[in-house]
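The values are calculated or read from the model by the stated rules, or taken from the named source; none is laboratory data. All values derive from a computational prediction rather than experimental measurement. Note: ideal-geometry Cβ built from the backbone for every residue, glycine included; neighbour counts use all protein chains shown.
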Amino acid sequence: MRIDRPPTGPAAWQAAAAAATAAAALHIGPAGTWLPPVRRLLFPGLDGQGHPGHVALTFDDGPDRASTPRFLEALDGLGVRATFFLLGSALTEAPELGRELVARGHEVGLHGWDHRRPWWPGPVRELRELRRAVRAVTDVCGTRPRWYRPPYGILTGGRWAAAHRLGLRTVLWSAWGRDWTAGASAETIVRTVQRRLEGGATVLLHDSDRTSAPGSWRATLHALPALVQHCRRQGLTVGPLRDHGTDDTVRRLQ
């Protein structure tokens, strides 16, 4: 009886190398959308482009008992609502803040279960952890998240597939403040945001220093009044992604 053995030699190595290359391309290919010119031109919804009279204000990496309550008070004082992209692991540490966000009229998005870089493909793990985070937000906050922003803004094939399967809409940002750095100040944050700030932009900031320079959230907090004032002087409304109209923008550009 003939027993077929797996191929060996150069041809087998070439086939294995080709398969590995294809898997790597599927994993890391979508991460090219991290480049602002790429997503601004080709993926306006992913870039967070919305109604030209509106600016979406978003915060990542919370909730955090040391800092998030300060942001809630500041936003109340400014009469602004925002979208908070929560980490599932952080939410389980401070569930009362998740409930408080919703009670104050803010929108809850998803930033994943934890804040790690996706060095290696792991589509099963990505789906499992994202589903776990969706369940945590839904159970704690009483509302199912609609939006997903991957940690570091790195959208891999596994993360994209997991978000799509769970019915989440992935969105990155149009402008950021680089507020996670040790040298950031309220002034540098405002200047950096203004470089890309225009009607329809989505602004990325952080309400926690969980993955940022220690205490960096204080500069962001102090920058908020100037940022909101600047938008209002331009005749722009500041609010959450739910009021931003990104779906309408995609339809207009199709």
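Before moving on, here are some points about what is shown:
- Filter pass, GLY167 being modelled with pLDDT of 95 or more and under 29 Å from GLY77 (Cβ atoms): no
- Selected residue (criterion: farthest from PRO151 (Cα to Cα)) from residues of the stretch 92-107 that are in contact (Cβ under 8 Å) with a residue 12 or more places away in the chain and small (Gly, Ala, Ser): GLY105
- Among the residues of the stretch 108-119, those identified as surrounded by fewer than 23 Cβ atoms within 10 Å (Cβ to Cβ) and either over 15 Å from GLY158 (Cα atoms) or free of Cβ contacts under 8 Å to residues at least 60 places away in the same chain (or both) are ASP114, HIS115, ARG116, ARG117, TRP119.
- Every residue from the stretch 167-186 that is among the polar types (S, T, N, Q) and closer than 16 Å to ILE154 by Cα: THR170, SER174
- Residue count for the stretch 131-187, restricted to those that are in a loop (DSSP other than H, G, I, E, B), more than 14 Å from the chain's Cα centre (by Cα) and over 19 Å from SER67 (Cα atoms): 5
- Some residue of the stretch 61-80 being crowded, with 16+ Cβ neighbours inside 10 Å, of a type in the set (A, V, I, L, M), assigned to a strand (DSSP E or B) and modelled with pLDDT of 95 or more: no
- Going through (1) surrounded by 16 or more Cβ atoms within 10 Å (Cβ to Cβ); (2) out of contact with any Gly (no Cβ under 7 Å at 6 or more places or on another chain); (3) farther than 18 Å from GLY62 by Cβ one by one, GLY157 falls short only on (2).
- Odd one out for ARG169 among (1) charged (D, E, K, R); (2) out of contact with any Lys or Arg (no Cβ under 7 Å at 6 or more places or on another chain); (3) surrounded by fewer than 23 Cβ atoms within 10 Å (Cβ to Cβ): (2)
- Scanning the stretch 84-93 finds no residues that are over 22 Å from TRP173 (Cβ atoms) and not in a helix (DSSP H, G or I).
- Reported count of residues in the stretch 208-245, each being out of contact with any Lys or Arg (no Cβ under 8 Å at 6 or more places or on another chain) and either part of a loop (DSSP other than H, G, I, E, B) or at pLDDT below 95 (or both), is 14.
- ALA133 fulfils the conditions (1) closer than 14 Å to ARG169 by Cα; (2) modelled with pLDDT of 95 or more; (3) touching a Pro at 6+ places or on another chain (Cβ under 9 Å) except for a single criterion, (1).
- Members of the stretch 188-202 that are crowded, with 16+ Cβ neighbours inside 10 Å and in a loop (DSSP other than H, G, I, E, B): LEU197, GLY199, GLY200, ALA201
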